[in-house]
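The values are calculated or read from the model by the stated rules, or taken from the named source; none is laboratory data. No experiment lies behind these values; they were computed from the predicted model shown. No Cβ is skipped: glycine too gets one built from the backbone with ideal geometry, and neighbour counts run over all protein chains shown. SASA here: full protein model, heavy atoms, side chains in, ligands and nucleic acids out. Shrake-Rupley method; radii C 1.70, N 1.55, O 1.52, S 1.80 Å.
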Amino acid sequence: MSDILECVVLLKDIADFDEMNAAYKAAFTDGIFPARVAYQATLAGTAAVEIKCTGDVSQYYNEVAKSPSS
């Protein structure tokens, strides 16, 4: 979770923000929270929340580049 830089949260009902925020805080146990925006939106089906996160995966690409090819 420490590689996550930003999250976009879409809520079916913005009144659910406090409940979502508590779950969000619980997910980032190191106490470092990525940048976040939250919007009320019409979601598909019965979804109440949708979260899109962007992370930094550059360290994983560097590890792959250093590994011997098969």
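Residue pairs whose Cβ atoms lie under 9 Å apart, separated by 6 or more positions or on different chains, with the first residue in region 37-54 and among the hydroxyl-bearing types (Ser, Thr, Tyr) and the second open to solvent by 50 Å² or more (accessible area, probe 1.4 Å), are Tyr39/Ile14; Thr42/Lys12; Thr46/Lys12; Thr54/Leu5; Thr54/Glu6.
Scanning region 27-38 for residues that are among the small types (Gly, Ala, Ser) and within 10 Å of the chain's Cα centre (by Cα), we see that the one that is most open to solvent (accessible area, probe 1.4 Å) is Ala35. Pull up region 4-19, narrow it to residues that are farther than 13 Å from Leu43 by Cβ and more than 10 Å from the chain's Cα centre (by Cα), then point me to the one that is surrounded by the most Cβ atoms within 10 Å (Cβ to Cβ). Per the stated criteria, the residue is Phe17. Applying the set (1) open to solvent by less than 70 Å² (accessible area, probe 1.4 Å); (2) of a type in the set (Phe, Trp, Tyr); (3) closer than 20 Å to Gln59 by Cα to Tyr24 leaves exactly one unmet item: (3).
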